[in-house]
Amino acid sequence: MIKVEHIVKRFGNLEVLHDVSMSVGSGEIVSLVGASGAGKTTLLQIIGTLLAADSGCVEIDGVRIAGLNDGQLSKFRNEHIGFVFQFHHLLGEFSALENVMLPMLIGGVGRRDAEARASELLSMVAMTHRATHKPSALSGGEQQRVAIARALANAPSIVLADEPTGNLDSATGEEIKRLFFDLRERTGQTFLIVTHDDKLASMSDRKIVMSDGRIL
């Protein structure tokens, strides 16, 4: 589902990724771990098409990213990649339901169909009872559940998560970890997760360790 070959990334004279290659199979939950500054988030952003590599190749679900122009990249990102961040990045003026609907509306899905799909996803993450609430009325864990539902809105090929439990208390973090695996069982979803959470990394199907811009 994800194939990364010989990725190099520099910021000025500093090379932060050195000839990185890795792969993630369909339906896998894979954790990307390592010390701060190892290059994990940079690699995740390149895989997510948010950042361009200086050299190397990224392929997602059989599509080579380097061959897409800006418009095609935006469309591909909307349709094939879901993002979950440490901070939920929900839009405060919209309800939970509307936040989940947004990626579908951007992708051209009709409002009625988007609302039905968003309701289904909120049910999957046990947030139906909070559908009409705005983010300011939700707890941190509830906000993250909505963010996960939003990431799944367009049935993406992959979900990329960057420290998804890093801003949560331990009990809420445990709920979010279990949710990832429950969703994988229900949907066959592929997850690549950057984390410092040893327990989450150990629960994953595989753990990829990075150090100083290289995969160990």
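Here's the list of lysines a cross-link from Lys9 could span, going by alpha-carbon distance under 20 Å and ignoring same-chain residues fewer than 8 apart: Lys40. For the pair Ala126 and His6, the difference between a 0.36 nm per residue extended length and the Cα-Cα distance amounts to 39.2 nm.
Seen through its C-alpha gyration tensor, with square-root eigenvalues sorted a ≥ b ≥ c, the range 52-172 comes out oblate because a/c lies at 1.5 or above while a/b is not bigger than b/c. The residue among Gly213, Ile81, Ser55 whose Cα reaches farthest toward the positive pole of the charge dipole of the chain, with charges on the beta-carbon of Lys, Arg, Asp and Glu, is Ile81. Annotation: per residue accessible area for the range 112-196 equals 41 Å², rounded to a whole number [probe 1.4 Å, protein chains only]. Decide, for the range 128-201, between rounded, prolate and oblate: order the square roots of the alpha carbon gyration tensor eigenvalues as a ≥ b ≥ c, take rounded if a/c falls under 1.5, and otherwise choose prolate if a/b is larger than b/c, else oblate. Cα axes put the range 128-201 in the oblate bin. If you take all other residues with their beta carbon under 14 Å from the beta carbon of His18, and give Lys and Arg +1 and Asp and Glu -1, the sum is -1.
Roll a 1.4 angstrom probe over the protein heavy atoms and tell me the percent of accessible area of the chain that is carbon or sulfur.
50
For the range 1-89, a simple Cβ point-charge model (Lys and Arg +1, Asp and Glu -1, everything else neutral) yields a dipole of about 160 debye relative to the Cα centre.
Using Cβ point charges alone (K and R +1, D and E -1), the dipole size of the chain about the Cα centre works out to roughly 220 debye.
What FRET efficiency comes out for Glu15 versus Glu175 if R0 is 41 angstrom and r is the Cβ-Cβ distance? Round to the nearest 0.05.
Values: r = 39 Å, r/R0 = 0.95.
After rounding to 0.05, the efficiency reads 0.60.
Which of rounded, prolate or oblate describes the range 17-90 when judged by the alpha-carbon gyration tensor and an a/c cut-off of 1.5? It comes out rounded by the Cα gyration axes.
The values are calculated or read from the model by the stated rules, or taken from the named source; none is laboratory data. Since the model is a prediction, treat every value here as computed from it, not as a measurement. We place every Cβ from the backbone using ideal geometry, glycine too, and count neighbours over all the protein chains shown. Surface accessibility is based on the protein's heavy atoms, side chains included, excluding ligands, DNA and RNA. Shrake-Rupley method; radii C 1.70, N 1.55, O 1.52, S 1.80 Å.
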